[in-house]
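Undergrad: Here it is: the structure, laid out below.
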Amino acid sequence: MIENLVIIGSGPAGHTAAIYAARAQLDPLMFEGLMAGGVAAGGQLTTTTHIENFPGFPEGILGLDLMMRMRQQSINAGTRVETKTVESVDLSKKPFEISVDGYKVLAKAVIIATGATAKRLGIVGEEQFWQKGISACAVCDGGLPVFRNKVLAVIGGGDTACEEALYLTRFASKVLLFVRRDVLRASKAMQEKVLKHAKVDVVWKTHVVEALGDKMLQKIKTRHADTGKELTVDIGGLFYAIGHRPNTEFLKGQIDVDEDGYIMTRPGTTQTNIKGVFACGDVQDKRYRQAVSAAGSGCMAALDADKYLKENE
């Protein structure tokens, strides 16, 4: 049996693609992953707590609850969901060949929605306080009441770190930007904005080495890169801005990616360099990285796949 459409991945992009594909009677099969990339089925939102910026939930919703609702909606629409991780794919021939759990599945079209995993530092206390004061997305979490009017910290030295530090100034009493070197990697324009902002203090040549607190993060321990001197700093939140890793290892170089490893799609579409293979969500989006933008691209991928399948019947 050859599947019409296989969806690899199960975040907002994958499930939106599944809902649209199922309603278009494409009978999609989704491999949602079993701790793929170290994250549970449902993607990064399963690791977040309260989400206040996803439309339709005026009181907010827990990340895990949102993903469980999306999953159920996919199933209700007719998607077959299997909790298995795709090991590899062969996109050199048609139908495409997908290897999963010791067997192979053939598909006329494939949607890749495997997302990207935020890089972590692995510091002492990180696991304990992840989403209890430590986050990898200031735009997602920075406006939550728990972070308001507190000293917040950002780790990183690139454009993303500077953007997140500036974003947090809307809510924080002060923002500390910890940079491991003595220079910022961000663009000159972004550097100027950060260095001139009254609420931002750049802490040079400093590593954050430990997270401390009770039920929530309350302090961080830092170490100077040159002197080795350690300090304990009171903070109300810590945000990582050290990059993401797109989950594309299983593709083994068969699809065009950019210099950071994100799948490249044709402008205005979700079409990859291989006809019949589409990509949506954070695996191809390193700029926005929001649940709602991922969901929108999932809709696009399903519509693109439907058009492709109709044209190649």
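Undergrad: Count neighbours as other Cβ atoms within 10 Å of each site's Cβ, and list the GluC sites (Glu not before Pro) in the range 1-110 that are DSSP loop with at most 13 such neighbours.
TA: Details: sites: Glu3, Glu32, Glu52, Glu59, Glu82, Glu87, Glu97; in loops: Glu32, Glu52, Glu59.
Here the sparse-neighbourhood loop sites are Glu59.
Undergrad: Could you list Asp226, Asp282, Asp27, Asp304 in order of exposure, starting from the residue whose Cβ has the fewest other Cβ atoms within 10 Å? Display every interim value, and only then the final one.
TA: Working: Asp226 9, Asp282 29, Asp27 13, Asp304 21.
Exposure proxy ranking, most exposed first: Asp226, Asp27, Asp304, Asp282.
Undergrad: Can you list the residues, at least 5 places off or on another chain, whose amide H is less than 5 Å from the amide H of Ala172, using H built in the peptide plane?
TA: Excluding prolines and chain starts, which carry no amide H, the hits are Asn149.
Undergrad: With point charges of +1 on the Cβ of Lys and Arg and -1 on the Cβ of Asp and Glu, referenced to the Cα centre of the chain, which listed residue (Thr206, Pro145, Tyr20) lies farthest in the positive direction of the dipole?
TA: Looking along the dipole axis, the top candidate is Thr206.
Undergrad: Are there trypsin sites (Lys or Arg not before Pro) in the range 76-119 that DSSP puts in a loop and that have at most 13 other Cβ atoms within 10 Å, and which ones? If you can, show how the numbers build up before the last one.
TA: Values: sites: Arg80, Lys84, Lys93, Lys104, Lys108, Lys119; in loops: Lys84, Lys93, Lys119.
The qualifying sites are Lys93.
Undergrad: Take the alpha carbon gyration tensor of the range 202-244, find the square roots of its eigenvalues, order them as a ≥ b ≥ c, and report rounded if a/c is under 1.5; if not, report prolate when a/b exceeds b/c, else oblate.
TA: Oblate shape, in that a/c is at least 1.5 and b/c is the bigger or equal ratio.
Undergrad: If you take the beta carbon distance between Val146 and Asp65 as r and set R0 to 25 Å, what does 1/(1 + (r/R0)^6) give as a FRET efficiency, to the nearest 0.05? The partial results should precede the final answer.
TA: On the way: r = 18 Å, r/R0 = 0.73.
Approximately 0.85, to the nearest 0.05.
Undergrad: So if I place +1 on the C-beta of Lys and Arg and -1 on the C-beta of Asp and Glu, and nothing else carries charge, what would the dipole magnitude of the range 120-240 be about its Cα centre? I want it in debye, nearest 20. Write out the running numbers ahead of the final one.
TA: On the way: 19 positive and 14 negative charges, 49 e Å.
For the range 120-240, the charge dipole is close to 240 debye.
Undergrad: With N set to the number of residues, divide the alpha-carbon radius of gyration of the chain by 2.2 N^0.38 Å and report two decimals.
TA: Values: Rg = 20.9 Å, N = 313, 2.2 N^0.38 = 19.5 Å.
Normalised Cα radius of gyration, the chain: 1.07.
Undergrad: Rounded to whole Å and ordered largest first, report the semi-axes of the equivalent ellipsoid of the range 154-313 derived from its Cα gyration tensor (root of 5λ). Mind showing how you got there, number by number?
TA: Details: eigenvalues 312, 51, 49 Å².
Semi-axes, largest first: 40, 16, 16 Å.
Undergrad: As a test of the formula, what do you get for the chain when each DSSP H run with n ≥ 4 contributes -39,500 (n - 2.57) and the sum is divided by the residue count, at 222 nm and rounded to the nearest 500 deg cm²/dmol?
TA: -7000 deg cm²/dmol
Undergrad: Can you give the Rg/Rh ratio of the range 28-173, where Rg is from the C-alpha atoms and Rh is the Kirkwood radius? Numbers along the way, then the final one.
TA: Working: Rg = 18.7 Å, Rh = 17.9 Å.
Radius of gyration relative to Kirkwood radius: 1.05.
Undergrad: Turning to a different aspect of this structure: Taking amide hydrogens as modeled 1.01 Å from N in the peptide plane, which residues meet the under 5 Å criterion relative to Ile7, leaving out close sequence neighbours?
TA: Excluding prolines and chain starts, which carry no amide H, the hits are Leu29, Met30, Phe31, Ile111.
Undergrad: Report the trypsin sites (Lys or Arg not before Pro) located in the range 244-304 that are in a DSSP loop and have at most 15 other Cβ atoms inside 10 Å of their Cβ, or state none.
TA: When the trypsin sites (Lys or Arg not before Pro) of the range 244-304 are filtered for loop state and at most 15 Cβ neighbours within 10 Å, Lys252, Lys275, Arg287 remain.
Undergrad: So if I take the centroid of the Cα atoms in the range 37-101 and the same for the range 192-216, what is the distance between those two points in Å?
TA: First find each Cα centre; the distance between them is then 33 Å.
Undergrad: Which of the pairs Lys150/Lys205; Lys132/Lys193; Lys93/Lys252; Lys108/Lys286; Lys119/Lys221; Lys119/Lys174 have their Cα atoms more than 26 Å apart in this structure?
TA: Details: Lys150/Lys205 23 Å; Lys132/Lys193 29 Å; Lys93/Lys252 15 Å; Lys108/Lys286 28 Å; Lys119/Lys221 20 Å; Lys119/Lys174 24 Å.
Pairs exceeding 26 Å: Lys132/Lys193; Lys108/Lys286.
Undergrad: Then there is this: Output needed: Cys residues of the chain lacking any neighbouring Cys C-beta below 4.7 Å, sorted by number.
TA: Cys162, Cys280, Cys299
Undergrad: Given N residues in the range 120-240, what is its alpha carbon radius of gyration divided by 2.2 N^0.38 Å?
TA: On the way: Rg = 13.2 Å, N = 121, 2.2 N^0.38 = 13.6 Å.
The reported ratio for this selection is 0.97.
Undergrad: A further question on this structure: Based on other C-beta atoms within 10 Å, arrange Tyr240, Tyr308, Tyr262, Tyr288 from fewest to most.
TA: On the way: Tyr240 26, Tyr308 17, Tyr262 20, Tyr288 13.
With the sparsest Cβ surroundings first, the list reads Tyr288, Tyr308, Tyr262, Tyr240.
Undergrad: With a ≥ b ≥ c the root eigenvalues of the C-alpha gyration tensor of the range 94-169, is it rounded (a/c under 1.5), prolate (a/b larger than b/c) or oblate? All intermediate terms of the calculation are to be shown ahead of the outcome.
TA: Numbers: a/c = 3.20, a/b = 2.43, b/c = 1.32.
Prolate is the answer for the range 94-169, as a/c is 1.5 or above and a/b outweighs b/c.
Undergrad: Ranked by Cβ crowding within 10 angstrom, fewest neighbours first, how are Cys140, Cys299, Cys280, Cys162 ordered? The partial results should precede the final answer.
TA: Working: Cys140 21, Cys299 17, Cys280 35, Cys162 29.
Lowest to highest Cβ neighbour count: Cys299, Cys140, Cys162, Cys280.
Undergrad: For the range 39-184, build the charge dipole from Cβ charges (+1 Lys, Arg; -1 Asp, Glu) around the Cα centre, then report which of Leu106, Met70, Trp130 sits farthest towards its positive end.
TA: Projecting each Cα onto the dipole axis, the largest value belongs to Leu106.
Undergrad: Rounding to the nearest 20 debye, state how big the charge dipole of the chain is about its Cα centre with +1 on each Lys and Arg Cβ and -1 on each Asp and Glu Cβ.
TA: Numbers: 38 positive and 36 negative charges, 144 e Å.
That gives a dipole near 700 debye.
Each reported figure results from applying straightforward, stated rules to the coordinates on display, with no laboratory input. This structure is a prediction, so every number in the text was calculated from the model and none was measured. As a convention, Cβ positions derive from the backbone with ideal geometry for all residues, glycine included, and neighbour counts pool all protein chains shown.
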